[in-house]
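Here, each number is a calculation from the coordinates, and none is a lab measurement. Given the structure is predicted, the values throughout are model-derived calculations rather than measurements. Cβ placement follows ideal geometry from the backbone for every residue including glycine, while neighbour counts extend to all protein chains displayed.
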Amino acid sequence: MLRLGAVGVGGVMLSSAASSVGLPSVVFQAPRSPLPPVSPVPAAPRAPFGVEQRIFERARAALDAHRIYQRDFIGIADFSLPSSERRFHVVDLRNGHVESFRVAHGQGSDPNHNGFLDRFSNEFGSYATSNGAYTTGEYYHGKYGLSMKTHGRDWSNSNAEPRAIVIHNAWYAEPGVVAQHGKLGRSQGCFAFSRKDQWPVMQKLAGGRMIYADKLA
């Protein structure tokens, strides 16, 4: 059930409960095919412009630690930044090109709904975001429309699949929410994007590619 925060001087502040409903699909679109596999390529030693160096280095280390074969595109979610910023980076490791998008974090990670992720959790019922390395799974059609499963690869996100931590779109991740409230709404821990941004993220990261989520202390 959707809950709205109290009405204050600034107006109604948005706070989406665990069962927030995504935008309805007007016309079902067939899943886009992931980009074809490529041979591993060495990751650039320096972070591309717009990506924090220390987060980038951790993501590169995770590629090797988990022996991820697909090394053309990776996703990096820098939760040091507030939800109003474009903090989910899709990095092309072959040429350093970056596309950045807004992404919501879990309500359990931001209990005061101030737009900042305060903590990670891997616990069931926490409704929090989990940190660590993920690989993308299959497409499926659920309550948010076309979505994509993820698999946690670290102890800190090992419950990602049974917790149904997925990539999906949501109304509370649309640009108008930031324009009105200065921040996105919150998910149950999923990587929730705007309807427009969901497509390039899923297409480029499909097929077992890695997403690395973390924040600087």
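So, by mean Cβ neighbours within 10 angstrom, what's the order for 164-174, 95-105, 56-66 with the highest one leading?
Sorting 164-174, 95-105, 56-66 by mean packing, highest first, produces 164-174, 95-105, 56-66.
Identify, among Leu146, Ser84, Ala206, the residue whose Cα sits farthest towards the positive end of the charge dipole of region 71-217, taking +1 on the Cβ of Lys and Arg and -1 on the Cβ of Asp and Glu, with the dipole about the Cα centre.
Leu146
Extension gain Gln180-Asn112, at 0.36 nm per residue separation less the Cα-Cα distance, in nm?
22.7 nm
Between Arg67 and Ser158, 0.36 nm times their residue separation minus their Cα-Cα distance comes to what?
So the chain would gain 31.1 nm between Arg67 and Ser158.
Could you calculate the contour length gain from His151 to Trp199, that is, 0.36 nm times the residue separation minus the distance between their Cα atoms, to one decimal place in nm?
Contour length minus Cα-Cα distance gives 15.4 nm.
Report, to two decimal places, the Cα Rg of region 73-170 normalised by 2.2 N^0.38 Å (N = number of residues).
This ratio for region 73-170 stands at 1.08.
Cβ under 10 Å from Asp110's Cβ, Asp110 left aside: what net charge do those residues give with Lys, Arg +1 and Asp, Glu -1?
Taking every Cβ under 10 Å from that of Asp110, the sum is +2.
What FRET efficiency comes out for Ala217 versus Lys143 if R0 is 25 angstrom and r is the Cβ-Cβ distance? Round to the nearest 0.05.
E(calc), rounded to 0.05, equals 0.10.
If I histogram all Cα-Cα distances within region 107-217 using bins 5 Å wide from 0, what percent of pairs lands in each bin?
That works out to 2, 13, 22, 25, 22, 13, 3, 0, in percent per bin.
Beyond a 23 Å Cα-Cα separation, which of these cross-linked pairs lie in this structure: Lys183/Lys204; Lys149/Lys204; Lys143/Lys215?
From the list (Lys183/Lys204; Lys149/Lys204; Lys143/Lys215), the Cα-Cα distance tops 23 Å for Lys183/Lys204; Lys143/Lys215.
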